[in-house]
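Here the structure comes first, spelled out in structure tokens, and everything after it is commentary.
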Amino acid sequence: MRQLSRILIVGGGSAGWMTAALLSRLFKGLYEITVVESREIGTVGVGEATIPAIKKFNELLGLDENEFLQRTQGSFKLGIQFNDWLRPGSSYIHGFGVIGRDLEWLRCHQYWLKANSQGRAADFANYSINTAAALGNKFMRADPRMAESPIAHLAHAFHFDAGLYAKYLSGYAQDRGVRRREGKVADVTLRSNDGFIQSVTMDDGEVIPADFFVDCSGFRGLLIEQAMKTGYEDWTHWLPCDRAIAVPCERSGDFTPYTRSTARPAGWQWRIPLQHRTGNGHVYSSQYMDDDEAERILCDNLDGAQRAEPLRLCFVTGKRKKIWNRNCVAIGLSSGFLEPLESTSLHLIQSAIIRMVRLLPDASFDQAGIDEFNRQTDFEYERIRDFIILHYKATERADTPFWRYCRDMEVPATLQRKIDLFRANGRIFREDEELFAEESWIQVFLGQGISPRGYDPLVDIKSDAQTVEFLDNIESVISKCVEVMPTHADYVARTCPAPE
Ligand SMILES: Cc1cc2nc3c(=O)[nH]c(=O)nc-3n(C[C@H](O)[C@H](O)[C@H](O)COP(=O)(O)OP(=O)(O)OC[C@H]3O[C@@H](n4cnc5c(N)ncnc54)[C@H](O)[C@@H]3O)c2cc1C
């Protein structure tokens, strides 16, 4: 059995350098790894908000969290605030981590549903430590020594400058033996007998052969699409946004420990606070809004002075028909794209790298391993897609053609099933290893106005008084914890201030 010896990564954005960093860390020189990147082409230049799983990736690399935040101008993220999504003026937070605590067999929200129907519950936000802290602009890391306290359950992710992250990981990977090759890939040669990639040719004529190719070339999909013609599944009918404009502004306003997403007439706008600036962007549908109007809306809604020219981007929501095809795996934007509403792209990169490592082939490229990779990856993509669609579908907005389209569109059967089940009596089950856990779905269902008709019959094991006492206790403990937490700004200044 022949093992692989040379791995070529085409592309040096976040995807390319995250891949190179982890492979160099795990395989310690077992493979000859090269990253080809072109400064002239550059990277997509956006991608600043994450979900808590990124901590695991950084831990696998052995990065020190404070150093990582200093080097990437990072801040902490407890969740995402959705303004105007249900209707103009509405607001809710999808906070990471647990909500309250379970009682008997049931999640906390089941007791809340009953008490709320009797007018005896507070706002649902008060039962999540993450959300309550976010609303107070408070932050601290979870303290596992306080096992009985909600503080042990704080779950955080980060906002950071993705360009600085890629640079950081580039140094990390090169220190561990990865070779960086600057230049443009001009051609890709496929083997005539089986269509496997044999080599790439650089624009100066150098031919770089390898056994295994990782396509991290961004939206263009240089290997997986342009050379291998793998095909693309287009999901625009479910997620009609296909354009984005990004622009940074001076840091101003609240230094929030959360991302803000504000619905707009044909899409939504993000606000991501970093230490040195605030990242902003407008994601919209070109069918319902032209680029100039989208840019005007974005620039009229910055909370600090604009710092650069707006960057315009086009995309098609969907994924490659086969994300691993023959001896090529697509990682990052080359594999597909789901809009950044729930900050899942860097996560999809990280999970694809880990899955690729778990299914790393020998030189025979057994098809069973490739099929398993594609099955798991498709499942992950499709469940995240459903979660994002839910935000658009479950709206009361009918004020623009875009929102009327979203409200009235048919959704995938896998999502409709979840909506129907939750609408009945608030039940939701996490499927296999789907990314978003029950707590995430519950918060978005409720925040987007899907009110269950009933609640789980087991709730009635407890008397009404016991239910109210249970909920009051959670609320008051959370509020006391939030009171003593430092502000996000103070916490960052104390633990991980970036150089000016
Ligand atoms: C509007 C928008 C907002 C986003 N926000 C978020 C977010 O908040 N959170 C999140 O997790 N993700 C977000 N993302 C996604 C995130 O930006 C990407 O997943 C991430 O940056 C990875 O990009 P990439 O490395 O795949 O591609 P790129 O950054 O485009 O890198 C491609 C690389 O390939 C190289 N290359 C291309 N062609 C050639 C060639 N011919 N020869 C040599 N080199 C070549 C380029 O030089 C570059 O180095 C967002 C994306 C968009 C579009």
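The values are calculated or read from the model by the stated rules, or taken from the named source; none is laboratory data. Bear in mind the structure is a predicted one, so any value in this text is a computation, not a measurement. All Cβ positions, even for glycine, are placed from backbone atoms using ideal geometry, and neighbour counts span all protein chains on display. Calculation scope for accessible area: heavy atoms of the full protein, side chains included, ligands and nucleic acids excluded. Shrake-Rupley method; radii C 1.70, N 1.55, O 1.52, S 1.80 Å.
When residue 4 is tested against (1) in contact with a Phe, Trp or Tyr (Cβ under 9 Å, 6 or more places away or on another chain); (2) within 13 Å of the ligand (Cβ to nearest atom); (3) in a loop (DSSP other than H, G, I, E, B), just one condition goes unmet, and that condition is (2). Residues in the stretch 273-323 that are over 20 Å from the mean Cα position of the chain (by Cα), within 11 Å of the ligand (Cβ to nearest atom) and β-branched (Val, Ile, Thr): none. Note on the stretch 45-66: residues that are at pLDDT below 95 and either more than 16 Å from the ligand (Cβ to nearest atom) or of a type in the set (A, V, I, L, M, F, W, C) (or both) amount to 1. Is the stretch 112-122 home to any residue that is open to solvent by 10 Å² or more (accessible area, probe 1.4 Å) and either in contact with a strand residue (DSSP E or B) (Cβ under 7 Å, 6 or more places away or on another chain) or within 15 Å of the ligand (Cβ to nearest atom) (or both)? No, the stretch 112-122 contains no residue that is open to solvent by 10 Å² or more (accessible area, probe 1.4 Å) and either in contact with a strand residue (DSSP E or B) (Cβ under 7 Å, 6 or more places away or on another chain) or within 15 Å of the ligand (Cβ to nearest atom) (or both). Might you let me know whether the stretch 451-473 holds any residue that is in contact (Cβ under 8 Å) with a residue 12 or more places away in the chain, open to solvent by less than 50 Å² (accessible area, probe 1.4 Å) and under 27 Å from the mean Cα position of the chain (by Cα)? No, the stretch 451-473 has no match at all. Contact annotation: residue pairs with Cβ atoms under 7 Å, 6 or more positions apart or on different chains, pairing a residue in the stretch 13-25 that is near the ligand (Cβ under 8 Å from one of its atoms) with a partner that is acidic (Asp, Glu), are 16/37.
The residue of the stretch 202-212 that is least open to solvent (accessible area, probe 1.4 Å), among those that are farther than 21 Å from residue 42 by Cβ and part of a strand (DSSP E or B), is 212.
Any residue that is among the basic types (Lys, Arg) and touching a strand residue (DSSP E or B) at 6+ places or on another chain (Cβ under 9 Å) - is there at least one of those in the stretch 274-289? Among the residues of the stretch 274-289, at least one is among the basic types (Lys, Arg) and touching a strand residue (DSSP E or B) at 6+ places or on another chain (Cβ under 9 Å), which makes the answer yes.
Here residue 140 clears all of (1) part of a helix (DSSP H, G or I); (2) surrounded by 16 or more Cβ atoms within 10 Å (Cβ to Cβ) except the condition numbered (1).
If the condition is being among the charged types (D, E, K, R) and farther than 18 Å from residue 11 by Cα, then the stretch 209-266 contributes 229, 233, 234, 242, 243, 250, 251, 254, 260, 264. Is it true that residue 189 is open to solvent by 30 Å² or more (accessible area, probe 1.4 Å), within 15 Å of the ligand (Cβ to nearest atom) and in a strand (DSSP E or B)? Taking the combined requirement at face value, the residue satisfies it. Select from the stretch 402-450 the residues that are more than 20 Å from residue 348 (Cβ to Cβ) and β-branched (Val, Ile, Thr) and write down the one among them that is surrounded by the most Cβ atoms within 10 Å (Cβ to Cβ). Within the stretch 402-450, the match that is surrounded by the most Cβ atoms within 10 Å (Cβ to Cβ) is 442.
Is it fair to say residue 39 is open to solvent by 10 Å² or more (accessible area, probe 1.4 Å), within 16 Å of the ligand (Cβ to nearest atom) and out of contact with any Gly (no Cβ under 7 Å at 6 or more places or on another chain)? Yes; evaluated as a whole, the condition is true for this residue. Among the candidates 189, 236, 230, 201, the residue that is within 30 Å of residue 297 (Cβ to Cβ) and of a type in the set (Val, Ile, Thr) is uniquely 236.
Counting only residues that are more than 21 Å from the chain's Cα centre (by Cα) and either at pLDDT 95 or above or within 12 Å of the ligand (Cβ to nearest atom) (or both), the stretch 252-272 holds 2 of them.
Within the stretch 376-401, being open to solvent by 30 Å² or more (accessible area, probe 1.4 Å) and either closer than 23 Å to residue 26 by Cβ or over 23 Å from the mean Cα position of the chain (by Cα) (or both) holds for 376, 396, 398, 399, 401. For the stretch 192-201, a residue qualifies if it is touching a Leu at 6+ places or on another chain (Cβ under 9 Å) and either part of a strand (DSSP E or B) or within 14 Å of the ligand (Cβ to nearest atom) (or both), and the qualifying residues are 197, 198, 199, 200. Contact annotation: residue pairs with Cβ atoms under 6 Å, 6 or more positions apart or on different chains, pairing a residue in the stretch 430-442 that is among the small types (Gly, Ala, Ser) with a partner that is surrounded by fewer than 18 Cβ atoms within 10 Å (Cβ to Cβ), are 437/430. Scanning the stretch 165-179 turns up no residue that is under 26 Å from residue 357 (Cβ atoms), open to solvent by less than 50 Å² (accessible area, probe 1.4 Å) and touching a Cys at 6+ places or on another chain (Cβ under 9 Å).
State yes or no: is residue 134 aliphatic (A, V, I, L, M), free of Cβ contacts under 8 Å to residues at least 40 places away in the same chain, in contact with a Phe, Trp or Tyr (Cβ under 9 Å, 6 or more places away or on another chain) and in a helix (DSSP H, G or I)? So residue 134 fails the test. Tally up the residues in the stretch 340-371 that are open to solvent by 40 Å² or more (accessible area, probe 1.4 Å) and free of Cβ contacts under 8 Å to residues at least 60 places away in the same chain, please. The number of residues fulfilling the criteria is 6.
In this structure, is residue 77 over 28 Å from residue 483 (Cα atoms), among the basic types (Lys, Arg), within 16 Å of the ligand (Cβ to nearest atom) and modelled with pLDDT of 95 or more? No, not satisfied.
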